[in-house]
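Okay, so here's the structure we're looking at.
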Amino acid sequence: SAVISQKPSRDICQRGTSLTIQCQVDSQVTMMFWYRQQPGQSLTLIATANQGSEATYESGFVIDKFPISRPNLTFSTLTVSNMSPEDSSIYLCSVNPYDRGDEQYFGPGTRLTVT
Amino acid sequence: SQELEQSPQSLIVQEGKNLTINCTSSKTLYGLYWYKQKYGEGLIFLMMLQKGGEEKSHEKITAKLDEKKQQSSLHITASQPSHAGIYLCGADSSYGKLTFGQGTILTVHP
């Protein structure tokens, strides 16, 4: 398994500001994934972060809005930029600790409210 | 793109009752994950199925993947209040890239 921590656990932000969310894993992993869960909705993949390369974004998500860093094999950050109330969501990071596609773990999430 | 439909959307049962949640895919499933989520929290990994006809169990929860690999079911035996939460199925399109169903909200009354 993998133990994943996220900071902050929740935050309330004003529109137009930015928030950086941190994700720390207790083991080295090749890929880290960022998901968004909007209120009352299921999860949607934002991007995949590999160490040493630029993140790969899914359709509908862009780097200017959600810049991602991956400085090493245990850590990643997701920034939500120029926030609007529509960005109010739970943001979760996820890893596949064995890189073999049979166990996928999620962090506890960051609950973001934009006012 | 792959779509997953879960049924029912919500379920209310009395403690001790058995229940089943279904997850149907628009395409062949190459990996199907089941998670449980408490309100506003992260996802708890339950199990992952890959082979047609595969069945896995963890405590009182059993998940199956049909032979055609387009439908999975999650069965809880003798439900308890601790089983309450949101159950999500997720299809693996590429390692770590999961597409999720809309979730099934389970309430268990003591």
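Around the amide H of A:Ile46, modelled in the peptide plane, lie the amide H atoms of A:Trp34, A:Tyr35, A:Arg36, all under 5 Å away and 5 or more residues distant in sequence or on another chain.
A Gaussian network model of chain B, with springs between Cα atoms under 10 Å, assigns the largest mean-square fluctuation among B:Tyr33, B:Tyr95, B:Tyr87 to B:Tyr95. Applying a 4.7 Å Cβ-Cβ cutoff to chain A, the cysteines left without a disulfide-compatible partner are A:Cys13. Under the combined filter of DSSP loop state and at most 10 neighbouring Cβ atoms within 10 Å, segment A:7-115 retains these trypsin sites (Lys or Arg not before Pro): A:Arg100. Among the GluC sites (Glu not before Pro) in segment B:10-65, those located in a DSSP loop and surrounded by at most 14 other Cβ atoms within 10 Å of their own Cβ are B:Glu15, B:Glu59. For segment B:4-109, the carbon plus sulfur part of the accessible surface works out to 48%, probe radius 1.4 Å.
If you run the Gaussian network model on chain B, springs between alpha carbon atoms under 10 Å, then out of B:Gly53, B:Gly42, B:Gly85 the most flexible one is B:Gly42. Residues whose amide H lies under 5 Å from that of B:Gln102, counting only those 5 or more places away or on a different chain, are B:Gln6; hydrogens are built 1.01 Å from N in the peptide plane. Counting only lysines at least 8 places from B:Lys27 when in the same chain, those with an alpha carbon closer than 22 Å to its own are B:Lys51, B:Lys56, B:Lys64, B:Lys68, B:Lys69, B:Lys97. Dipole orientation for the protein assembly as shown: of the candidates A:Val62, A:Val25, A:Gln14, A:Gln14 has the Cα lying most toward the positive pole (charges on Cβ; Lys, Arg +1; Asp, Glu -1).
Here the scattering of chain B is modelled by Debye summation over its C-alpha atoms, one equal scatterer each and no solvent; at q = 0.16, 0.21 Å⁻¹ the log10 of I(q)/I(0) is -0.65, -1.10.
Solvent-accessible surface of segment B:4-104, taken per residue with a 1.4 Å probe and all protein chains present: 48 Å².
With a 1.4 angstrom probe, the accessible area lost at the B-A interface totals about 1600 Å².
In sequence order, segment B:19-29 has phi-based couplings of 8, 9, 10, 10, 9, 10, 9, 7, 9, 4, 8 Hz under the Karplus curve 6.51 cos²θ - 1.76 cosθ + 1.60, θ = phi - 60°, and Gly or Pro positions carry x. The slack in the chain from A:Thr113 to A:Thr30, taken as 0.36 nm per residue of separation less the alpha-carbon distance, amounts to 26.8 nm.
Counting every pair of alpha carbons in chain A, the share spaced more than 19 Å apart comes to 40 percent.
A simple rule links phi to the HN-Hα coupling: the Karplus curve 6.51 cos²θ - 1.76 cosθ + 1.60 with θ = phi - 60°, which for segment A:35-42 gives 10, 10, 10, 6, x, x, 10, 8 Hz, with x for Gly and Pro. In segment B:60-109, burial by the other protein chains removes 50 Å² or more of accessible area from B:Tyr95, B:Gly96, B:Lys97, B:Phe100, compared with the chain on its own (1.4 Å probe, ligands and nucleic acids ignored).
Whole-Hz Karplus values for segment B:48-63 come out as 9, 10, 10, 9, x, x, 5, 9, 10, 10, 9, 6, 9, 10, 10, 10 Hz, taken residue by residue from phi with 6.51 cos²θ - 1.76 cosθ + 1.60 and θ = phi - 60°; glycine and proline positions read x. Residues whose amide H falls under 5 Å from that of B:Glu15, counting only those 5 or more places apart or on a different chain, are B:His109, with hydrogens built in the peptide plane.
The values are calculated or read from the model by the stated rules, or taken from the named source; none is laboratory data. Because the structure is a prediction, the values reported are computed rather than measured. Note: ideal-geometry Cβ built from the backbone for every residue, glycine included; neighbour counts use all protein chains shown. The protein model used for the area step is the full one, side chains on, heavy atoms only, and it has no ligands, DNA or RNA in it. Shrake-Rupley method; radii C 1.70, N 1.55, O 1.52, S 1.80 Å.
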